1. Return a yes/no flag: does the range 572-595 have any residue that is under 23 Å from the mean Cα position of the chain (by Cα), touching a residue at least 24 places away in the same chain (Cβ under 8 Å) and farther than 28 Å from Asn172 by Cα.
2. So, in the range 504-531, how many residues would count as being open to solvent by 30 Å² or more (accessible area, probe 1.4 Å), farther than 30 Å from Ser104 by Cα and among the hydrophobic types (A, V, I, L, M, F, W, C)?
3. Return yes or no: is Ala157 aliphatic (A, V, I, L, M), under 23 Å from the mean Cα position of the chain (by Cα) and over 28 Å from Ala70 (Cα atoms)?
4. Out of everything in the range 392-412 that is modelled with pLDDT of 85 or more and either charged (D, E, K, R) or open to solvent by less than 10 Å² (accessible area, probe 1.4 Å) (or both), what residue ends up being farthest from Ser377 (Cα to Cα)?
5. Kindly establish whether Asp424 is open to solvent by less than 30 Å² (accessible area, probe 1.4 Å), under 21 Å from Lys202 (Cα atoms) and out of contact with any Phe, Trp or Tyr (no Cβ under 8 Å at 6 or more places or on another chain).
6. Kindly indicate whether any position in the range 327-347 is modelled with pLDDT under 95, farther than 16 Å from Ser578 by Cα, under 27 Å from the mean Cα position of the chain (by Cα) and open to solvent by 20 Å² or more (accessible area, probe 1.4 Å).
7. Among the residues of the range 444-486, count how many are aliphatic (A, V, I, L, M) and surrounded by 18 or more Cβ atoms within 10 Å (Cβ to Cβ).
8. Does at least one position in the range 372-393 carry a residue that is assigned to a helix (DSSP H, G or I), of a type in the set (S, T, N, Q) and within 15 Å of Thr614 (Cα to Cα)?
Amino acid sequence: MAKMSRTDDFLSTLNAQQLAAATATERHVLVLAGAGSGKTRTIIARAHHLIDSGVSPHRILLLSFTRKSAREIAERVKLSFSSRQSEGLVGQTFHSWCLGLIKSYPKIFSCSNHTVLDEEDRESCFKLLCGKNFKTKEGRGVSAKAVAEVYSYAMNAQCSLSDAMRVKLYDNAPADDKEVKMAIENNRESFATIIKKYFEYKNERHYLDYDDILDVVAKCLSGNAEAREFISKRYDHILVDEMQDTNPLQYRLLNAFQKRCHLFCVGDDAQSIYGFRGADFKTIHEFTDKVPGSVVYPLTMNYRSTQEILDLSNWLLACSPLNYDKKLISVRGHGSKPEVFHWEDEWQEAEEVTYRILKAVHEEGALWADNMVLSRSVWGLRKIEVACLEKEIPYVVYGGTGLMQSRHVRDVASSLRIISNYRDELAWMRYLKLWKGIGDVTASKIIGNVIMAGSLSDSLQKLSDMNLQKEIAATLVSISSMQLSPASAIETALQTMDARLQELYKEEWDWRRRDFEVLKEVAAGSASVGEFVAEYVLDPKLEITLKEPGKDDDKVVLTTIHSAKGLEATNCHIVNASAFSYPTSRAVLNGEEAIEEERRCLYVAMTRAKDTLTIYRSVESIHESHYDNEYYFLSDIPAQLVKSVVPAGYDSHGDIDDADFDGDVYDDLLGTSFNFN
């Protein structure tokens, strides 16, 4: 009797749909994985199956959209094999993969020694090129950030400058809007001139920005058949996670490997919510048309939610004019119906959310971390935060500014960037201006001197010879010998810069300082300062939990919907799901594609819930959904799908029922929980 392999063991735990997908024999496969259906487990099983079938791990390229998820998938595969059997299997993001190719093949990519700009550096470049008063011919002021966003969208969406301007500057106005078309035509040349200067600026200083990393590789593979053949021979199988989030530039990269490699792409068209970044859900909708010889394997068995939560989520998709062809079935069975709670103002909403969280913890034995609050924006969570503070509910916020985008982290990281590449003009500018008495003019003079040196040591010697505060040169000199120990470099730089950073950040420095413990943990995983700097640029959001060392991480999660993908909780609360929020008025003006992305946002939020789902909306939404807003997704929820809670004194249309309404009684109810019986 043949001995069962570890992979056979692993595959035996899959359901029939997952097993069929993981062991598919077709050349190209799309796994259309519904929320909670085990897509990560399926892509791990695919890698298992390939390695156990004799495919070398070196010949498998595993791509995901965050460094965290890519590494997690690779590590989980390795757990079932010996280190020798799985040697060479790595998980990468599109950007880290492409940067690796650029660095590995300097004869193919002439930019292998270029410095990578992060998003703030890019914006600084555009500020320099736009000047202080850049305006359209109509007199409309345009920020450097807006010009940078137009450029980035054009790169990622692989569209014309005119289309990028229409989407980013004119709120994705209809393409046939005559007024917008005229405005774009009047201003296109001035935008093109600035972007051309930006390319010249990068070329002169040997910079690559975040989007260049993909574009350089995509252009080379598309236009150089010899290079395409040489690089594609490295792989037999390419496994792609979160396929619905690919933009046209990323798909162009994958397309170069279709003839030589097998594609195994996993995603969910109903969870495509990054259109503002250029992601195009049509890539997954039209996969079999775009990729010859491909087949689709659906995953519809949901392991996360009860059927009642899925019934509401299924209904939301079924109302769409698009054919998602998706009906999720709960493996866990039945539970309680989702509730729709109506509030009179947002403070009452915050009180009700936190009341329910306290009840779940103190009366039902839940952990704080079993509770999640989801909002369209960080701003929408502010009143919830206040209520949590008042009730002493521990919480953590996901969304907004990431760790690597924080000023204090960028300040310290600028010193590491300098010792990684002493010709990095932007890093020098940030670092020097941290210190007292150094502004733009003085910094520029210093930079003109130090970056002309022949080496890092010569550059630091020139700096040391200047009549400057001793810590300025001392910081860089002390970490220059730590090129192979980025965590130590961070610790040393922090010690030398500490006094100055305390002056800059004052009472905020105590809590800001704690972030560096997390940063050092990340840096410890890099082999060199140069590698850490590159990774820091490639993953500015740094998707790791920020927590105080030694503190319990059992906290309520407050999150934006765009930061919630991959998360789940026993009890989920979706706040302000009111009329003109899903979809927003802006989305309605922008047409069907924008409206459908809003629907998918709400779907993602709903499908985070495991046991209980509570949706909060204003009392006015009942009235508005009946009479004023034909697009409102939650206007006609079938009564059998939810339990609707309307405050005393209001009827089912959101109107005050004068016969039953007692104003004093209703005032007493504000800030408390209503009786749901």
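1. There is at least one residue in the range 572-595 that is under 23 Å from the mean Cα position of the chain (by Cα), touching a residue at least 24 places away in the same chain (Cβ under 8 Å) and farther than 28 Å from Asn172 by Cα.
2. 2
3. When the stated conditions are applied, Ala157 does not pass them.
4. My answer is Val412.
5. When the stated conditions are applied, Asp424 passes them.
6. yes
7. Within the range 444-486, residues that are aliphatic (A, V, I, L, M) and surrounded by 18 or more Cβ atoms within 10 Å (Cβ to Cβ) number 11.
8. no
The values are calculated or read from the model by the stated rules, or taken from the named source; none is laboratory data. Fair warning: this is a prediction, and the values are worked out from it, not measured in the lab. FYI the Cβ positions are ideal-geometry reconstructions off the backbone, even for glycines, and counts take in every protein chain you see. To get the accessible areas, we keep the full protein, side chains included, count just its heavy atoms, and leave off ligands, DNA and RNA. Shrake-Rupley method; radii C 1.70, N 1.55, O 1.52, S 1.80 Å.
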